[in-house]
1. What's the total number of residues in the stretch 137-152 that are assigned to a helix (DSSP H, G or I) and surrounded by 14 or more Cβ atoms within 10 Å (Cβ to Cβ)?
2. Pull out all pairs, ordered by first then second residue, where Cβ-Cβ is under 8 Å, the residues are six or more apart or on different chains, the first lies in the stretch 155-183 and is assigned by TED's automatic domain parsing to the domain that holds Ile262 and over 17 Å from Leu228 (Cα atoms), and the second is modelled with pLDDT of 90 or more and among the basic types (Lys, Arg).
3. Condition check: in a helix (DSSP H, G or I), in contact with a Lys or Arg (Cβ under 6 Å, 6 or more places away or on another chain) and either modelled with pLDDT of 90 or more or not hydrophobic (A, V, I, L, M, F, W, C) (or both). Does Gly196 satisfy that?
4. Under 9 Å by Cβ, and 6 or more places apart or on different chains, what pairs join a residue from the stretch 288-303 that is part of a helix (DSSP H, G or I) with one that is surrounded by 15 or more Cβ atoms within 10 Å (Cβ to Cβ) and of a type in the set (Phe, Trp, Tyr)?
5. Which residues, counting only those in the stretch 92-125, are surrounded by fewer than 17 Cβ atoms within 10 Å (Cβ to Cβ), of a type outside the set (S, T, N, Q) and over 23 Å from the mean Cα position of the chain (by Cα)?
6. Which one of these is in a helix (DSSP H, G or I), crowded, with 18+ Cβ neighbours inside 10 Å and in contact with a Lys or Arg (Cβ under 8 Å, 6 or more places away or on another chain): Lys261, Lys239?
7. Against the definition (at pLDDT 80 or above and either more than 25 Å from the chain's Cα centre (by Cα) or buried (at least 17 other Cβ atoms within 10 Å of the Cβ) (or both)), how does Leu89 come out, yes or no?
Amino acid sequence: MKEITFINRNKARWEKFEQQLKSPSHVDPDELADQFIQLTDDLSYARTFYPRSRTFMYLNNLTQKTHQEIYRNKREKGSRIISFFTKELPLVLRDARPSFFLSLGIFLISALLGVVSALSDDSFVRVILGDQYVNMTLDSIEKGDPMAVYGKMGEMPMFLMITMNNIKVSFVTFLLGLLSPLGTFFSLFNNGIMVGSFQAFFYQKNLLDVSTLAIMIHGTLELSAIVLAGGAGIVLGKKLIFPGTYPRKEAFIKGAKDGTKIMLGLMPVFIVAGFLEGFITRYYDTMANWMNMLIIIVSMAFIIWYFFIYPEKVFRTTQLIQSHEHDH
């Protein structure tokens with residue numbers, strides 16, 4: 001069967017079902033299950049004969065939305081929050097992986113530009129970080145405590161201030177996606193330049209190892225979360241410009257929902273990063289190096305596992321459940 005014929009035969013049913021999903025509380029659960037079975041049949045057919053077509057992508061997306069709605073209507077053990085972090089969010093994270101990698105690429109390139117610029121021009125660091133911060137850091141270096149800035153404020157006030165600032169920066173990065181992905185690109189570029197020039201400054205003072213070990217105690221989570229927030233902004237902006245098979249408004253709403261879910265998922269990461277920066281980083285020079293490295297390694301392992309490995313596992317489990325329900 002030609003793809004256009006397949007679409008014409010089923011388009012009206014798919015569109016009607018899409019409308020029903022917008023008000024799932026008004027749909028009979030048995031009817032929803034029947035529709036899901038028909039939908040998986042269509043998806044299987046499209047996967048076999050039109051595997052790289054927009055039709056397959058459309059049906060795959062619609063099937064996932066249906067499965068999530070059925071799953072949401074079932075009685076679940078545990079709270080909605082647990083379900084969000086263990087089932088719902090990971091599927092969104094998996095779909096957003098290309099945006100995360102693009103965000104990481106932009107951040108790393110801009111950080112490299114910051115390094116090159118700072119090493120080429122001594123005044124560049126002052127332009128980016130400000131004279132006050134540079135002068136304060138130089139004074140701390142002369143006193144033998146280059147990271148003294150982390151001990152200038154009480155633990156709790158610093159924790160609260162840093163956490164709120166990181167959340168603000170991440171949401172700005174995300175919401176700039178409303179201006180298209182270019183808005184988010186700009187924010188990522190700005191943050192990358194700052195990080196690169198900061199590290200180049202300490203490299204010039206022969207303190208790169210000290211600055212890296214101290215900063216990455218909290219920076220592993222903090223910088224990772226900013227990059228992931230950039231990915232959420234790209235998801236938002238991309239849906240606005242490239243709606244795919246959906247109407248632009250509907251695609252944008254989906255992008256906004258997915259991006260918001262990612263941002264909600266990042267809140268605990270920012271809180272833990274703020275805690276580390278407020279309570280732990282100040283002791284970087286008295287802690288054993290293996291303890292510093294342990295915090296950094298555990299933080300990085302968590303980011304890689306939860307945001308990249310675990311979502312793939314959830315996706316495969318979901319596919320198996322869909323296949324099982326279809327067979328029965």
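The values are calculated or read from the model by the stated rules, or taken from the named source; none is laboratory data. Here the structure is a predicted model, which means the values were calculated and not measured. With ideal geometry, Cβ positions are generated from the backbone for all residues, glycine too; neighbour counts draw on all protein chains shown.
1. 7
2. So the pair list comes out as Glu155/Arg282.
3. Values: in a helix (DSSP H, G or I): yes; in contact with a Lys or Arg (Cβ under 6 Å, 6 or more places away or on another chain): no; either modelled with pLDDT of 90 or more or not hydrophobic (A, V, I, L, M, F, W, C) (or both): yes.
Judged against the criteria, Gly196 is not a match.
4. Asn292/Tyr284
5. Residues satisfying the conditions are Leu113, Val116, Leu119, Asp121, Asp122.
6. On the way: Lys261 fails: in contact with a Lys or Arg (Cβ under 8 Å, 6 or more places away or on another chain).
Just one listed residue meets the conditions, Lys239.
7. Criteria met by Leu89.
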